[in-house]
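Here's the structure, in structure tokens; my notes come after.
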Amino acid sequence: MAKFIYHAANTRGFADHGWVQSKHSFSFADYLDAERMNFGALRVLNNDHVAPGKGYADHPHRNMEIISIPLIGELAHQDNMGFGSIVKQGEIQVMSAGRGIEHREFNNSQSDPVSFLQIWVIPNQQDVDPRYDHRPMDLERASNGFLPIVSPDRQGSTAWIYQDAWFHLARFDAGFERQYVWKARNNGLYIHVVSGDIQVGSQQLSEGDGLGIGGASSMKIKAHRPAEFLLLEVPLLS
């Protein structure tokens, strides 16, 4: 039987440092909720809004898969492996921190804000060689569909990570309904609504809401008005 964990948008943690405002679906930095440490291998899901010309100074990561998806504006990246890039709306960035990586990220614009989703996944391998990936997403395939954007497949068209996890981006028209089928048995699914209103089972979800689903292998999703949302399928860790 399916089990649901509902996270209303207004229950997320919030941090305001002036140059950045961040909403935390799970415990992060100074926001600590013992009931919201993670959903399986999904450890962090932040929505960060960074002021023009501002950003995160050099800082380290280790043994974590870190995915960034710009929603508005351009996110600049530089790291100690020599990679530097500008990640725009419609693109995705992945870092496998492995045995250690140091990077900085900042708003590439001096006049416009940037908003992006920062997602961390606990890897299934430790101390791997750090790596960086940045690629476009075929957003037309997200229209009334599930666009794969992250997977464990190193040879496919998606960004890949060290975990048996699959991420999809969906953009549904009002009234459209489709069933999502799990890729791996015993995985869980976490849905994050970027905009609009959807229904998952009997649960209504709006912008910023999250819903974790365990004990299921498929689920119907219907949009009540135009909606954009992420489906994050991850192992449910014991």
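Every number in this text was worked out from the coordinates using simple rules, so none of it is lab data. Predicted model only: the values in this text are computed from it and were never measured. With ideal geometry, Cβ positions are generated from the backbone for all residues, glycine too; neighbour counts draw on all protein chains shown.
Within the shell defined by Cβ-Cβ distances under 12 Å, the residues around residue 83 carry a net charge of -2, with Lys and Arg each +1 and Asp and Glu each -1.
Measuring nothing but how far apart in sequence close Cα pairs (under 8 Å, 6+ apart) lie, relative to its length, the range 1-83 scores a relative contact order of 21 percent. Here the Kirkwood formula puts the hydrodynamic radius of the chain at 18.0 Å, using every distinct Cα pair. What the Cα convex hull of the range 119-238 gives, in volume per residue, is 109 Å³.
Ellipsoid fit via the Cα gyration tensor, the range 23-164: semi-axes of 21, 19, 17 Å, each the root of five times an eigenvalue, largest first. Label sites at residue 217 and residue 179, each approximated as a point 7 angstrom past Cα along Cα to Cβ, lie 1.1 nm apart.
When the Cα atoms of the range 28-94 are aligned to their principal axes, the ranges along those axes come out at 35, 26, 22 Å in descending order.
Sequence-distant contacts, meaning Cα pairs under 8 Å at least 6 residues apart, place the relative contact order of the chain at 20 percent. One chain, two ends: residue 56 and residue 102. Fully extended at 0.36 nm per residue, the span grows by 15.4 nm beyond their Cα-Cα distance.
Calculated from the alpha-carbon coordinates, the range 57-121 shows an Rg and a Dmax of 11.5, 36 Å respectively.
Here the extension length gained between residue 85 and residue 63 equals 5.7 nm, from 0.36 nm per residue of separation less the Cα-Cα distance.
Normalised Debye scattering of the range 89-163 at q = 0.15, 0.18, 0.20 Å⁻¹ gives log10 I(q)/I(0) of -0.64, -0.88, -1.02, counting only Cα atoms as equal scatterers and leaving out solvent.
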